[in-house]
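Take a look at the structure set out below.
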Amino acid sequence: MKKRPSSILLLLLVFIMCIPIIFVFTSSFMNFDEVRESFEMILGENVSRFIHWRIIPRNPSLRSYVAIFFDTPSFFVTFWNTIKIVIGILVLQLLFGMPIAWGLAKLKFPCKKVILGVYIILMILPFQVRMVSEYLVLQNLNLLDSYFAVIFPSGFSTFPVFIMYNFFKSVPDEVIEAARIDGASDLYIFLKIAVPLGKGGIISALVLGFFEYWNILEQPMLFLEDKTLWPLSLYIPNMNLGNVHIIFSSAVLIMVPSIIIFILGQEYLEQGIVKSVVEGGEYEKKKNN
């Protein structure tokens, strides 16, 4: 009985947090006229009126979804642009992030703590601090206005390295030493021991990376001038009044991949978050001591 009030409060908070999703989902079944009527204040057609929204549309319709699938090829262009960008970034993070995280976690070399500290500092720096330097580097490499302008800077992000580092650090040193005594090479140890034992960190880093780069906004806005290269994150903000009726249905379709990835990787995601918090707290304690 003592848990009941807290459970009710938790359910209420969950419902409040889900209101935007419910709003978008139900609005996606509105027809063109109802969208204009309900949101004309936002559209700038009648600023004297307030927004009014119905949980259930007056005349539910699938026309907006039909319009996307059959009359809006630009949506699929931006969709595949996003797929290319996200896959490119995650592949780079796997190829370079895993060995770097393993090296920082288990190998001994000079200035190791300094390098780890630099990684942590770079991780907390916002894009606004780095964007000028990144733009100049990409310009000198002639990579601006291409997929690589977005893929390369994000592909070498320090955040997935930090997450995988915490998992690789927990690999027992005894297991590594036993493998070396049996004649295993460093590459074999990394592929057959480190990667399987650090699978939780690798998958959680990929899941978090997918969430971040599926909705990437500032980098393509700054580095991509060709609109045919734009991802989904720039599709809805550039809609005009002529296709306003598909805004909500587009938003629903954009959310679907994120929801699927979250369901599939929820367990590993929770492990990664907990591990990062615990290891981050221990690092701060050692630093202060």
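The values are calculated or read from the model by the stated rules, or taken from the named source; none is laboratory data. No experiment lies behind these values; they were computed from the predicted model shown. In this analysis, Cβ positions are derived from the backbone assuming ideal geometry, glycine residues included, and neighbour counts consider all displayed protein chains.
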Out of Gly88, Gly117, Gly97, I need the residue that is modelled with pLDDT under 85 and either more than 23 Å from Ile254 (Cα to Cα) or in contact with a Phe, Trp or Tyr (Cβ under 8 Å, 6 or more places away or on another chain) (or both). Which one? Gly117
If we keep just the residues of the stretch 132-169 that are closer than 12 Å to Pro220 by Cα and among the polar types (S, T, N, Q), which is surrounded by the most Cβ atoms within 10 Å (Cβ to Cβ)? Ser154
Quickly run through the stretch 54-77 and pick out the residues that are β-branched (Val, Ile, Thr) and in a helix (DSSP H, G or I). Val66, Ile68, Val77
Residues of the stretch 113-126 being in a helix (DSSP H, G or I), exposed (fewer than 13 other Cβ atoms within 10 Å of the Cβ) and not aliphatic (A, V, I, L, M), in sequence order, are Lys113
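Give, as residue ranges, the helices (runs of 4 or more DSSP H) completely inside the stretch 150-220 that count at least 3 residues that are of a type outside the set (Ser, Thr, Tyr) and under 25 Å from Leu138 (Cα atoms). Steps first, answer last, please.
Working: elements: 159-169, 173-181, 186-189, 199-214.
Correct list: 159-169, 199-214.
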Here is a check on your reading of the model: is Pro110 farther than 20 Å from Pro231 by Cα and loosely packed, with under 13 Cβ neighbours inside 10 Å? yes
Here are some conditions: (1) surrounded by fewer than 12 Cβ atoms within 10 Å (Cβ to Cβ); (2) farther than 22 Å from Met221 by Cβ. Val129 meets all but one. Which one does it not meet? (2)
Exactly one of Trp80, Trp102 is in the same structural domain as Ser250 (by TED's automatic domain parsing), closer than 23 Å to Ile189 by Cβ, part of a helix (DSSP H, G or I) and of a type outside the set (S, T, N, Q), and that one is Trp102
Gln266 passes all but one of (1) outside any helix (DSSP H, G or I); (2) modelled with pLDDT under 85; which number fails? (1)
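Can you tell me which residue is modelled with the lowest pLDDT among those in the stretch 233-246 that are assigned to a helix (DSSP H, G or I) and surrounded by fewer than 18 Cβ atoms within 10 Å (Cβ to Cβ)? Give the derivation first.
Let us first name the residues in the stretch 233-246 that are assigned to a helix (DSSP H, G or I), namely 233-234, 236-238, 241-246.
Filter again for surrounded by fewer than 18 Cβ atoms within 10 Å (Cβ to Cβ), leaving 236-238, 241-244.
Working: Ile236: 77, Pro237: 73, Asn238: 73, Leu241: 59, Gly242: 63, Asn243: 69, Val244: 69.
So the residue we want is Leu241.
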